[in-house]
Structures are given as structure tokens and as C-alpha cells.
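Since the structure comes first, as C-alpha cells, the remarks are kept for the end.
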Protein chains: 2
Amino acid sequence: MARALNLRIPGPTPVPPDILEAVAHPMVNHRGREFAALISRVADQLKDWFQTSNDVLILSASGTGGLESAVVSTLSPGDKVLSVSIGAFGERFAAIADTYGAEVIPLQYEWGQAARAEDVRQALAEHPDVKAVLVTHNETSTGVTNPLEEIARAVREASTSPSPAARERVGPGVRGEGTLILVDAVSSLGAIPFEADGWGLDVVVTGSQKGWMVPPGLAFVSMSERAWRAYEEAKMPRFYLDLGRHRDALAKGQTPWTPAMSIFFGLDAALERMAEEGAERIFTRHASMGRMVREGVKALGLELLCQDERYASDTVTAIKCPEGIEVSALRNALEDDYNVVLAGGQAKLQGKIFRIGHLGLVEEEDIRETLQALEQTLAKLGFKAAAVR
Amino acid sequence: MARALNLRIPGPTPVPPDILEAVAHPMVNHRGREFAALISRVADQLKDWFQTSNDVLILSASGTGGLESAVVSTLSPGDKVLSVSIGAFGERFAAIADTYGAEVIPLQYEWGQAARAEDVRQALAEHPDVKAVLVTHNETSTGVTNPLEEIARAVREASTSPSPAARERVGPGVRGEGTLILVDAVSSLGAIPFEADGWGLDVVVTGSQKGWMVPPGLAFVSMSERAWRAYEEAKMPRFYLDLGRHRDALAKGQTPWTPAMSIFFGLDAALERMAEEGAERIFTRHASMGRMVREGVKALGLELLCQDERYASDTVTAIKCPEGIEVSALRNALEDDYNVVLAGGQAKLQGKIFRIGHLGLVEEEDIRETLQALEQTLAKLGFKAAAVR
């Protein structure tokens, strides 16, 4: 079961052979004692990675399903939400809220840039009746990590002490409960530092196929007490993705609907492996891989989409495709000649960038191999670096 | 990787070792050529099992997610739907429609009975403005198979030639497009005869963990042309479970969101295995297993919940728990002493029945072992059959 490919896309990430073996576990009764022990064990361990004292719910869905569960479990049609968007996944989060009838106030940035806490503060001052802020921690489409802790602090401050002007406009009931912070942490959690409770986040969503080294199929979602109070009032329709049903089932060691059990078995093995390596070493490894990729591609004379090193993602790097080179030709040649698989650009970045995933199962050797293959393929395709090596 | 348990619940069903091995396939790019070939291949083969010329869409969700996709992709809030319900899963289908604002007209039967086509015909005559009929093919909670072909014929007839009274009440536009038939075929498809197009069904939903011998995590959904026309008008909010997005992605050999790839690999192997056995032999085997279970439990002096052999399910059998015996004690003893796992009752049947699953990977030996273990355990628990063996 050797890894066939150097799969350097930002998810699904390569799954180690021992975890794949766990995925092949025979079926058991999903309403029985063995599964109850399994789901309680993994849900407990996930709390450490989320850094939360709240339940982490496990949905049989992709990360997008997780984002939808966050929206429909806390909001009502007509609720005003501030969408802090720096790329394709920020736009997707907003599109979900819009689909279910939320009034979306867009705070958009050029793709490749990070959001600024100051802008969030200002937007909330202008819209004191915002019920929730939607924010992406790590934008997979652009390779940018938002300063989530700062953004969350801005929301909390605006939320607990609205400006006098806001009070006057909306009255004393302004944000009585505090604005909710809904976070897409799909391509960050488990790979880079994260604190759900410490940063005051209300709903946090991630997916199994990213930092966790597990196949896709599960979304993990935590809800703060404030989010659970919002759940009681929320009127968007919800059934399959209803987080309350997941909470009630988890208390019995179950899921409300038949779970994707194979992925649960894999997750159990993966969390054990991650505990052995330890959070500190995992975060350091990702930081080091991120630097290695960025320095490597710059040394090849290529340009990063994210030009501000402070916000450069340590899990995925987006690289501008040099003029005269076609992204598809580059990616196909890398796969055909070197067994290296990179990702293309999404939405308006399609054909303009390519992306290297470096999260989950990734070591220096994988990156070295990727950079070498990239250098040789670019040369074959006629690329001449302007910069001096 | 020997089967650890005689897992006789109506799903997840046991997965053969060669399919588990396929499930453990390493990750590939879900937007790449290998996955495109895989999804096209399995979606094509599923059409044969559904007996449809329409696309079969594959969602990363359980069967319940599939049912929700059927509702939200064809209906609008306020639409009138006739819910033909004979058990817990019929109620669930109705609850989904109700959650999204449909006006649900219940046609309910005592649990253990099948629905009658004549009642459906009458209900549609009374409600000529019904937009869709929700019907369960095989009710997993009671072990009853509805006469789906007859029910569908009643809907089609009422739909194409509404009664004069109906025309008068609602006008010439009555059911212009014909009433939609939405079918929960979760525990029937792939195990017993089924004809989506031949019977005039519009949306058909099933799940990977039943007849297909694949782990849970995927739902398969077909849509008729009539259903796709309804999709264009349907106003219930939908995102993750939006079937139109799945149709558009499938045309490119993709899914709209990251798919549960491991289950796709398993499905590919399972469909090959099923093609080798052939539909006729698979259906005959299930019919024979169903008879063997029913005759076996009756011979033990037990009573079936479904007393009408015409509607007895060939995939799951519900058995009344004899007086003086606790279902939980019976099930625990079977598991602890014989490694045989049976299912309990759901909702109002909890504590009153137990269920034997016999779909997917099931042979005479599995049933013989189950019946023997059941006989010995009942005896230990003090059960004395009233009937003569």
C-alpha cells in the first residue's frame, strides 16, 4: 500500500498506510457499544485540537456540509451577517447564508490578501445589528491565513461595547447576546495553532481530509454556549445538518443518521498518531514546510499570490503561473513525468495560479521532490526565471 | 480481515474483505482524471440497478441526506405533498418535507402493514393539487415492502386523468406536469426488483450501506425529466444537497464538494462483484433468504410484525418480542454469546420488536447461524414456544 502519488493538493491529503488499514475495518453496529466507545473517544480528542470545552460534533458530510450546518443551526432568514471574504471559500460561506435567506453584508478583499481586524471593527460599527460574522481562518483558494485571533477580538469588543452611535440607532438591545463568530477552519485546524474558546469563536468547522490525514467524508463542528442559545431561536430549515440532533445523539454515543463509519475508524487511528507527534511538533513542522515551499518557489523565480509573509499560509501556497506557461500543461506534465499532483486555481484564479498543499502527512522529502519536479518541468516548458537564483 | 461479527442489522451490512481492501485505496486528486473515470464508471453502472436512463447522482451523505436532497431539489414551501407512511422512515421523509415548509397530507398505516394503491388513488382524488407523493419502497423499521409499482400506477393515473370533480375544483391546470413520485428505496435497491423508469418514479434515493455491501457514507439519487423540470421551479433552500450542482459536476466527472472517496473505491469494487453475480441471482438470493428467515422464526414459535406474506420484506424481518423477554437482554445475549448482532425496534416499536437484516452480503449459513443462536438464547431466557415445532 505504498503511496502512489506525491499528492500535493490542499486536500484530500495523503493518508498514511496504517490509517488506511484502519479505514478498512469491518462494519459494526452503529448503534452498538463498540461504536459508542469509538465516537466518544474521537469526539473527546477533537476537543483538544479545537481547544474547546464544548462538544465537537461529527457529521457525515464534507467541509461544505459543515459550513451549512453552522449557518442553518444558528441563524434565521433575514438575519444580517457580515461576510469577511478573502477568496473562493469565503464566498462559498456567504453563498450558503444567502441561500438560506440571511442578509449578507460583504467585506471583500482582493484575492491574495488577508482581512484586517480594523475593517471588521468598522463594519460592525456601521452595522450594529449584525447577528453573525462569517470568517475563513485559512483561505485554501489563495494560500492566505487570516489574523483570526485579532478579527475575533474586534468582533468581541464591538459586540460587548457597541459605540454610542450604534446604541442610539438600534437601542439598548443591540447585540444583547453578542455577535456570533462562525469560522471556516477547514484547512487550518490540526495543522496550525488554533483556540476556539480562547479566541471567543462560536462555531468552528473543519473537515477530515485536511490536517487530519484521514479520507474525506466527515466534518467536525464545535458550538459555543452562545451558539447553542442562538440554535434555540434559529429558524432556517434544517434536518440532515441539524447540529442539535447531532448533540443529542452524541450524548448517547451515536449519530442521528448512519455515520460514514470507515472514516471514523481512520480518524481514531489518525488522532492516536497525532497525539504521538504532539501539537507543538505538528505546528512547527507545518510552519517549517510552509517556509520551505515559499522560499523554494521564490528561489525558482516564481511569485507568490500572497505577498505578505505575515499572512502566508503554512498549509497551502498559491503561486502565480508565469506568463507563457499554461497551468494545465504544467500540472499534467508534473503528474505524468514525476507523479507530483498540484492543484489549480479556483473561480477567478483558474488558469492564473497553481497551488501546493503542505498539510497533514508532509515531510521535507515531499517538498524537495515537488520543488525539483517543478523546476525541471518549468524548464522543459521554456520558463526562464527573471530573478537571480 | 475475517468478518468479526454476524452483523444481521439492516445496514450497515457486512462488507466483503475484497471490498474493504478497495476502501483502503490511497487518496487521489478528486478533481483529476482517475477519479473522473471512477465516478463515471460507477454512476453508469448504478443506472442499470435503478433501471433508469437518467443520471444517478452520488452524494457524500447518508440515506437521510439523500431523502432531503429529493425534497429540497423538487419542492417549494407551501407545496402540498401526500406522505404515504407505514413506519419510522416514512415519518422521517414527511418530517423533512414539513421542516422545509411543505404542507404534508398524511396517509398513515398501522406499523407492520403495507400501503394500498386504492387509498393513494382516493387521497389524490380528494387533493387534486398534490405536487408530490412521498413513498417508502421497503420500510426498514417494520420489514414491510410496499407494492410500489401499483402505488406509482395509481399516482400516474390520477395525475394524467384527474377526476372531473378535481378539474372543476382546481381548474384545467391541475397537475399540469403530473404529480411527482419521490421514493425512499434505501433498503430495497440492489437487493429486490426495481424499475425507476418502468414504474414512472421521479426521484429515487438509496444508500451505500445496504444492498450494495459498501460502508455507509454515500447516497445515490436519480431524477426523472419531470423532476428536473420541477427542480427549475423549486424554491426550498438548498446548497450541500442541491442535486443540480451534483448533475453539473457529474458531467465533468466530479462532485460539487469533496467526495467521500474511500466509499467510492469500495462501490467500484462492489458493483463489479454484483455484476458478476447478476441481478437475477441477487434478487433470487434475497427472496430465498427472506423466506428462510420468516419460516425459521415462525418455526421457533415467534410472530412476525408483518402478517401478510405478500408484503413481507426480503431484506429485513421484524419479529414481535415474546412476552416476558426483554429485547435488550435478548440482543445483548446474542451478541455476547454468539457474535450475532440484531437490530431493535425504532420509535414506537422500541422494546416491542427486534429485527434481522438479510440484505447485501448474506448466505444461508449466516441465517442458519442466526436462527440457531436465537433459538438457544430464547430458551436460556425462559421462552417456551406456544406453537408446535
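The values are calculated or read from the model by the stated rules, or taken from the named source; none is laboratory data. Just so it is clear, the model here is predicted, and its values are computed rather than measured. Positions of Cβ are backbone-derived with ideal geometry, glycine not excepted, and every protein chain shown enters the neighbour counts.
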Filtering segment A:58-86 down to residues that are among the charged types (D, E, K, R), more than 13 Å from chain B (Cβ to nearest Cβ) and not in a strand (DSSP E or B) yields A:D79
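Condition first: touching a strand residue (DSSP E or B) at 6+ places or on another chain (Cβ under 9 Å), charged (D, E, K, R) and either within 12 Å of chain A (Cβ to nearest Cβ) or farther than 30 Å from A:F264 by Cα (or both). Can you find one or more residues in segment B:220-232 that meet it?
Yes, the conditions are met somewhere in segment B:220-232.
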Out of B:A125, B:A102, sole residue that is out of contact with any Asp or Glu (no Cβ under 9 Å at 6 or more places or on another chain), modelled with pLDDT of 95 or more and of a type in the set (A, V, I, L, M, F, W, C) = B:A125
Looking at segment B:49-72, is at least one residue surrounded by fewer than 20 Cβ atoms within 10 Å (Cβ to Cβ) and either hydrophobic (A, V, I, L, M, F, W, C) or free of Cβ contacts under 8 Å to residues at least 40 places away in the same chain (or both)?
-> no
What number of residues within segment A:217-254 are over 18 Å from B:S69 (Cβ atoms) and part of a loop (DSSP other than H, G, I, E, B)?
-> 8
Kindly check whether there is at least one residue in segment A:268-281 that is surrounded by 15 or more Cβ atoms within 10 Å (Cβ to Cβ), over 30 Å from B:P14 (Cβ atoms) and touching a strand residue (DSSP E or B) at 6+ places or on another chain (Cβ under 6 Å).
-> no
Could you list all residues from segment B:103-141 that are part of a loop (DSSP other than H, G, I, E, B) and over 30 Å from B:I9 (Cβ atoms)?
-> B:H127, B:P128, B:D129, B:V130, B:K131
Among (1) under 20 Å from the mean Cα position of the chain (by Cα); (2) within 27 Å of A:E91 (Cβ to Cβ); (3) surrounded by 13 or more Cβ atoms within 10 Å (Cβ to Cβ), A:K352 falls short only on (1)
Out of segment A:299-348, which residues are among the β-branched types (V, I, T) and more than 22 Å from A:A191 (Cβ to Cβ)?
-> A:I325, A:V327
Restricting attention to segment B:1-13, and to residues there that are surrounded by fewer than 23 Cβ atoms within 10 Å (Cβ to Cβ) and touching a strand residue (DSSP E or B) at 6+ places or on another chain (Cβ under 7 Å), which single residue is nearest to the other protein chains (Cβ to nearest Cβ)?
-> B:L5
Check B:I263 against each of (1) within 14 Å of another protein chain (Cβ to nearest Cβ); (2) in contact with a helix residue (DSSP H, G or I) (Cβ under 6 Å, 6 or more places away or on another chain); (3) β-branched (V, I, T) and name the one condition it does not meet.
-> (2)
Residues located in segment A:332-374, provided they are assigned to a helix (DSSP H, G or I), aliphatic (A, V, I, L, M) and under 16 Å from A:G87 (Cβ atoms) | A:A347, A:L349
